[in-house]
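The values are calculated or read from the model by the stated rules, or taken from the named source; none is laboratory data. Predicted model only: the values in this text are computed from it and were never measured. Every residue, glycine among them, receives a Cβ derived from its backbone with ideal geometry; neighbour counts consider all protein chains shown.
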Amino acid sequence: MSDLITFNVPDKEQFLKVVDYYSKNASTTQFDLLKQDPNHKEYRFVSFDFSLSQDSKISKTIIILTNHHKQPLTSSRSISLYTDNDLILASSFKDILGNSFSIIKSSYKPVMTPLSPLSPSLSSMNLNQLKSAIPAIKDINAKLMETNPKKKKIAVMTSGGDSPGMNAAVRAVVRTAIYNDCDVFAVKEGYQGLVDGGDSIQQMHWQDVRGYLSEGGTLIGTARCMAFKERKGRKLGAKHLVSKGIDALVVCGGDGSLTGADLFRAEWPSLLEELVKDGDFTEEQIKPYKNMSIVGLVGSIDNDMSGTDSTIGAYSALERIVEMVDYIDATAKSHSRAFVVEVMGRHCGWLALMAGIATGADYIFIPERPPKAGEWQQELKDVCLRHRQKGRRNNTVIVAEGAIDDQLNNITSEDVKKVLVEIGLDTRVTILGHVQRGGVAVAHDRWLATLQGVDAVKAILEMTPETPSPLIGIEENKIIRMPLVESVKLTKSVAEAIEKKDFDLAISLRDSEFIDSYNNFIQTTVKDDGSQLVSEEERLNIAIIHVGAPTAALNPATRAAALYCQSRGHKAFGVMNGFKGLIQDGEIKELSWLDVEDWHNLGGSEIGTNRTMPSEDLGSIAYQFQKYKFDGVLIIGGFEGLQAVKQLKDARDLYPVFNIPLVLIPSTISNNVPGTEYSLGADTCLNTLVSYTDSVKQSASASRRRVFVVEVQGGNCGYIASYTGLVSGAVSVYTPERELRLQDIQEDISLLKENFKNDQGETKSGKILIRNELCSDVYTTDLIANIIDDASNKKFGVRTAVPGHVQQGGTPSTKDRVVASRFAVKCVKFIEEFNHSLKTNGANQEGSDSKVLRFYYDKETGKKIYTCGSEELENQSACVICINGTQLSFKPIQKIWDEETNEKLRKGTVYHWEEINQVSDMISGRLMLRRELLNEN
């Protein structure tokens with residue numbers, strides 16, 4: 001818990017004195033770091049100690065000292081400080097350490113509403129600390145309500161086609177709005193509800209969205225509304241919003257719905273003018289509603305909106321498609337058949353493309369990159385027959401419903417079937433239809449919808465009349481905002497480019513992941529006919545090694561790397577049973593096309609994995625590397641993989657043969673590899689836990705009064721626990737990053753008692769707590785359950801649930817399959833490019849000693865020079881493929897080890913999932929329940 005230091009600050013001069021005093025006299029000069037952007041470190045200082053200045057303005061200090069996530073202050077480090085503009089007039093100042101403070105924001109809100117939904121204020125204090133602030137809280141809140149009685153009123157609606165995750169978005173908007181002291185309304189049946197008004201616009205309360213996370217579709221309804229396409233309908237919508245006092249709207253829908261939202265805001269001023277002319281309102285009545293704040297969330301299974309890498313529901317729909325195609329493959333192999341599978345996507349081929357990659361399909365048809373008219377038939381035949389000749393028993397072709405050729409002629413599933421029948425294949429057609437929309441949301445969509453819903457409310461509270469309506473999206477692993485009108489324009493541009501047959505422009509308007517994935521599919525599947533082979537002297541021997549505990553994505557990554565190697569003429573060698581097998585047996589197998597072609601949906605490790613490190617026998621490893629003349633090594637694993645790359649790099653002086661590119665693909669369910677925010681296998685684990693916790697909550701809900709303590713894996717890393725807590729709606733999450741004390745458990749008992757007292761067992765409100773397996777040596781899962789059970793006084797029951805090693809197994813998720821393919825191909829390309837640069841520099845000529853020995857002697861000086869001898873080359877040649885915020889990059893292993901690694905705890909020094917804990921505490925009701933207890937006291 002935090003040691004809180006607070007000060008009353010009536011003016012700027014006193015504030016500067018406080019900062020100066022604090023810097024000189026505090027027992028430590030370390031602060032709580034909330035990392036919102038990997039390239040911008042933002043600190044927030046918060047306290048609950050308020051006082052009134054002479055002009056009755058509220059003054060507050062914002063300093064909090066914590067024992068968690070300590071980051072020492074160094075000179076010239078910039079930090080952002082939230083305070084009141086009228087109290088601190090300067091835009092920036094420096095403390096005695098030379099740290100530059102920039103004042104960027106201020107706000108007046110009731111004390112129990114933090115400065116931001118992501119503020120650590122409530123979550124960083126325990127209940128006893130907060131109780132002492134009750135008198136001041138009541139006085140200040142009363143004062144605020146006198147001066148600012150108008151609450152923000154926010155409406156949320158789902159529109160267009162339904163998609164899994166919409167309910168999670170609605171839940172996040174409702175609870176974030178209530179938490180920020182706003183009234184929130186649900187517009188039933190989409191835009192039709194705006195047109196109808198009345199009971200179609202209903203105020204929502206905290207308990208109304210209980211259970212929403214585990215429900216598919218949209219519980220507030222959606223409908224296609226022709227009336228809203230007319231100005232008359234939009235005027236009715238404006239009238240009904242003003243009648244309810246609503247001045248902000250969150251729209252969750254596809255491109256059509258968001259286009260309507262953009263038009264609605266553009267017309268808003270003129271619609272109000274007409275309502276005044278019609279006599280519906282007076283000028284005075286509409287004055288508070290002159291500006292309508294509109295925020296867009298993209299809820300669409302097609303993933304067809306520009307400005308975001310993925311939309312709410314897309315990965316859930318893809319999961320359904322891939323699951324069905326996996327089933328189809330089993331029967332297709334039995335009968336040696338071909339199947340043509342049609343998926344949704346009229347104007348966007350994302351589902352077809354990603355399904356093609358995730359299912360190992362032979363061919364895909366997408367609108368952004370149509371085949372040549374009159375020629376595609378022969379190419380399709382060639383690809384399918386070639387794969388048959390290589391040993392495949394079945395063929396799979398994925399067709400987007402909007403598939404066309406380059407002359408804009410439609411290509412139907414039946415057209416494709418006729419072509420396959422012509423070459424003698426027993427062919428069937430399966431149109432998946434609306435099964436793609438059904439089912440509950442996967443972990444990714446729950447996370448995405450929740451964080452975007454939170455950010456939507458945050459955007460509304462921060463908007464000014466001049467702020468463009470934002471679209472909340474995601475780029476790589478970071479929630480982003482972009483102007484809604486710009487996103488709509490770009491989305492329309494794709495369809496326009498297709499109509500103009502400018503297909504290069506059409507695909508360029510898609511996100512980078514789409515473009516990478518398309519190129520990878522073509523290179524590994526369609527162009528495996530020898531047309532992409534490099535020259536003999538440029539062909540490489542690449543080793544693939546699995547290290548550490550198994551994850552579900554090891555095989556898909558290996559498959560993609562091996563297929564890309566074969567399409568280029570390289571040899572991919574699977575090192576059997578990791579470094580242990582390399583040391584003991586030296587068993588290395590060249591991976592053929594038939595060896596790996598069906599690994600796309602296999603969990604575990606087909607070539608074997610274990611935790612043995614290279615340091616056990618570097619000499620034997622060097623011998624095998626030299627024997628097979630490896631030009632690069634692709635290691636796939638978790639923290640042990642990171643250690644393996646580091647050990648091989650450090651041994652280069654003794655064993656020059658290690659002077660080759662060494663690349664790590666992070667793959668661990670714990671997601672504890674330093675330097676990156678994403679590891680293969682984590683998504684599969686989270687999907688498993690989503691299904692598991694949904695079942696547990698269902699049991700708890702059926703019993704009405706029951707709590708489950710669920711223990712999850714993760715080692716010393718709290719990522720899995722934190723993420724599971726968010727997507728399962730857990731009441732509390734216990735992680736290794738925060739010391740678990742008896743006071744914390746006692747507080748949770750108080751919160752649970754209050755929760756059960758309020759609902760009286762009348763609602764489906766089964767509750768779970770998530771505990772990381774190593775969060776505490778003292779408070780085990782069973783002990784926590786016993787403590788809570790004993791303190792409940794029979795008011796509710798407590799059970800434990802431990803999913804165990806089921807978290808490591810199973811069929812890889814579609815996200816893991818797609819990302820594994822992308823990472824693997826990028827890593828092999830990295831090895832290609834590095835070797836090419838060595839050859840260009842004369843350090844790696846074919847047939848030369850340096851090609852085998854990895855060193856050469858300078859002709860002039862006679863000095864021994866390693867092929868990766870320079871510091872720059874040495875660092876560049878040993879790296880990790882990483883995702884950080886919006887960036888995908890290769891980071892040098894040495895930099896990660898020196899700056900971002902906690903070797904003792906086997907994880908990074910930066911906890912990129914901390915934001916998840918803060919959002920989870922708010923959305924799950926933990927912080928709201930604290931408020932209720934405080935108000936009662």
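Tell me, please, whether a residue that is out of contact with any Gly (no Cβ under 9 Å at 6 or more places or on another chain), among the acidic types (Asp, Glu) and surrounded by fewer than 23 Cβ atoms within 10 Å (Cβ to Cβ) can be found in region 639-656.
yes
I'd like the full set of residues that are without any contact (Cβ under 8 Å) to a residue 40 or more places away in the chain and of a type in the set (S, T, N, Q), limited to region 201-224.
Gln202, Gln203
Which is farther than 16 Å from Phe521 by Cβ and touching a Lys or Arg at 6+ places or on another chain (Cβ under 7 Å), of Gly374, Gly402, Gly391? Give the derivation first.
On the way: Gly374 fails: touching a Lys or Arg at 6+ places or on another chain (Cβ under 7 Å); Gly391 fails: touching a Lys or Arg at 6+ places or on another chain (Cβ under 7 Å).
Going through Gly374, Gly402, Gly391 in turn, just one is farther than 16 Å from Phe521 by Cβ and touching a Lys or Arg at 6+ places or on another chain (Cβ under 7 Å): Gly402.
Could you list, in sequence order, the residues of region 503-512 that are surrounded by 15 or more Cβ atoms within 10 Å (Cβ to Cβ) and either in contact with a strand residue (DSSP E or B) (Cβ under 9 Å, 6 or more places away or on another chain) or at pLDDT 95 or above (or both)?
Taking region 503-512 as the starting set, the residues that turn out to be surrounded by 15 or more Cβ atoms within 10 Å (Cβ to Cβ) are 503, 505-507, 509-511.
Across region 503-512, the qualifying residue is only Asp511.
Tell me, which strands (runs of 3 or more DSSP E) lie completely within region 811-884 with 3 or more residues that are surrounded by 21 or more Cβ atoms within 10 Å (Cβ to Cβ) and at pLDDT 80 or above?
It comes to 878-884.
Within region 196-226, which residues are in contact with an Asp or Glu (Cβ under 9 Å, 6 or more places away or on another chain), outside any loop (DSSP other than H, G, I, E, B) and not polar (S, T, N, Q)?
Matches in region 196-226: Asp196, Leu213.
Taking the stated definitions as given, is Pro556 assigned to a helix (DSSP H, G or I), closer than 30 Å to Gln808 by Cβ and not acidic (Asp, Glu)?
Working: assigned to a helix (DSSP H, G or I): yes; closer than 30 Å to Gln808 by Cβ: yes; not acidic (Asp, Glu): yes.
Yes.
Are any of the residues in region 577-598 in a loop (DSSP other than H, G, I, E, B), modelled with pLDDT of 95 or more, closer than 24 Å to Asp898 by Cα and not assigned by TED's automatic domain parsing to the domain that holds Gly391?
No, region 577-598 has no match at all.
Condition first: more than 37 Å from the chain's Cα centre (by Cα), part of a loop (DSSP other than H, G, I, E, B) and farther than 20 Å from His836 by Cβ. Now tell me which residues in region 610-649 satisfy that.
Listed by number, the list holds a single entry, Asp617.
Cβ-Cβ under 9 Å, sequence separation 6+ or interchain: first residue in region 318-341 and free of Cβ contacts under 8 Å to residues at least 12 places away in the same chain, partner in a helix (DSSP H, G or I). Which pairs?
Glu323/Thr814
If you scan region 356-377, which residues turn out to be touching a residue at least 60 places away in the same chain (Cβ under 8 Å) and either within 21 Å of Asn601 (Cβ to Cβ) or among the polar types (S, T, N, Q) (or both)?
Within region 356-377, Gly356, Ile357, Ala358, Thr359, Gly360, Ala361, Asp362, Tyr363, Ile364 qualify.
Could you say whether any residue in region 597-620 is among the hydrophobic types (A, V, I, L, M, F, W, C), over 30 Å from Thr525 (Cα atoms) and crowded, with 22+ Cβ neighbours inside 10 Å?
As a first pass, look at region 597-620 and keep what is among the hydrophobic types (A, V, I, L, M, F, W, C): 599, 602, 607, 613, 618.
Pick out the ones that are also over 30 Å from Thr525 (Cα atoms) and you get 613, 618.
Now narrow it down to the ones that are crowded, with 22+ Cβ neighbours inside 10 Å: none.
Within region 597-620, not a single residue is among the hydrophobic types (A, V, I, L, M, F, W, C), over 30 Å from Thr525 (Cα atoms) and crowded, with 22+ Cβ neighbours inside 10 Å.
Would you call Leu258 assigned to a helix (DSSP H, G or I) and among the aliphatic types (A, V, I, L, M)? Steps first, answer last, please.
Numbers: assigned to a helix (DSSP H, G or I): yes; among the aliphatic types (A, V, I, L, M): yes.
For Leu258, the condition - assigned to a helix (DSSP H, G or I) and among the aliphatic types (A, V, I, L, M) - is met.
Residues checked against (1) aliphatic (A, V, I, L, M); (2) in contact (Cβ under 8 Å) with a residue 60 or more places away in the chain; (3) not assigned by TED's automatic domain parsing to the domain that holds Ser300:
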residue	(1), (2), (3)
Gly160	no, yes, no
Pro164	no, yes, no
Val170	yes, yes, no
Ala186	yes, no, no
Gly190	no, yes, no
Gly193	no, no, no
Asp196	no, no, no
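Looking only at region 244-259, count how many residues are surrounded by fewer than 24 Cβ atoms within 10 Å (Cβ to Cβ), under 16 Å from Ala155 (Cα atoms) and touching a helix residue (DSSP H, G or I) at 6+ places or on another chain (Cβ under 7 Å).
1
Within region 690-745, restricting attention to residues that are among the polar types (S, T, N, Q) and more than 16 Å from Arg799 (Cβ to Cβ), which residue is modelled with the lowest pLDDT?
Gln743
For region 385-410, what are the residues that are among the basic types (Lys, Arg) and assigned to a loop (DSSP other than H, G, I, E, B)? If you could, list the steps in order and put the result at the bottom.
Of the residues in region 385-410, the ones among the basic types (Lys, Arg) are 386, 388, 390, 392-393.
Lys390, Arg392, Arg393 - these are the residues of region 385-410 that are among the basic types (Lys, Arg) and assigned to a loop (DSSP other than H, G, I, E, B).
Looking at region 189-211, which of the residues that are crowded, with 22+ Cβ neighbours inside 10 Å and not polar (S, T, N, Q) is modelled with the lowest pLDDT?
Val209
Could you look through region 780-803, keep only residues that are assigned to a helix (DSSP H, G or I) and touching a residue at least 24 places away in the same chain (Cβ under 8 Å), and pick out the one that is nearest to Ile542 (Cα to Cα)?
If we take residues in region 780-803 being assigned to a helix (DSSP H, G or I) and touching a residue at least 24 places away in the same chain (Cβ under 8 Å), then Thr781 is nearest to Ile542 (Cα to Cα).
Please state which of the following conditions Arg652 fails to meet, knowing it meets all the rest: (1) assigned to a loop (DSSP other than H, G, I, E, B); (2) outside the structural domain of Gly637 (by TED's automatic domain parsing); (3) in contact (Cβ under 8 Å) with a residue 60 or more places away in the chain; (4) farther than 30 Å from Leu602 by Cβ.
Status for Arg652: all satisfied but (2).
In this structure, does Met305 turn out to be assigned by TED's automatic domain parsing to the domain that holds Glu486, farther than 23 Å from Gly603 by Cβ and within 25 Å of the chain's Cα centre (by Cα)?
yes
Identify, from the list Ser413, Ser469, the residue that is buried (at least 24 other Cβ atoms within 10 Å of the Cβ), hydroxyl-bearing (Ser, Thr, Tyr) and at negative phi.
One residue alone meets the criteria, Ser469.
Give the residue, chosen from Tyr289, Tyr327, Tyr315, that is surrounded by fewer than 24 Cβ atoms within 10 Å (Cβ to Cβ), among the aromatic types (Phe, Trp, Tyr), over 18 Å from Ala403 (Cα atoms) and modelled with pLDDT of 95 or more.
Every option except Tyr327 fails the conditions.
Out of all the residues in region 593-642, which are over 28 Å from Glu323 (Cβ atoms) and among the polar types (S, T, N, Q)?
Answer for region 593-642, where residues must be over 28 Å from Glu323 (Cβ atoms) and among the polar types (S, T, N, Q): Asn610, Thr612, Ser615, Ser620, Gln624, Gln626.
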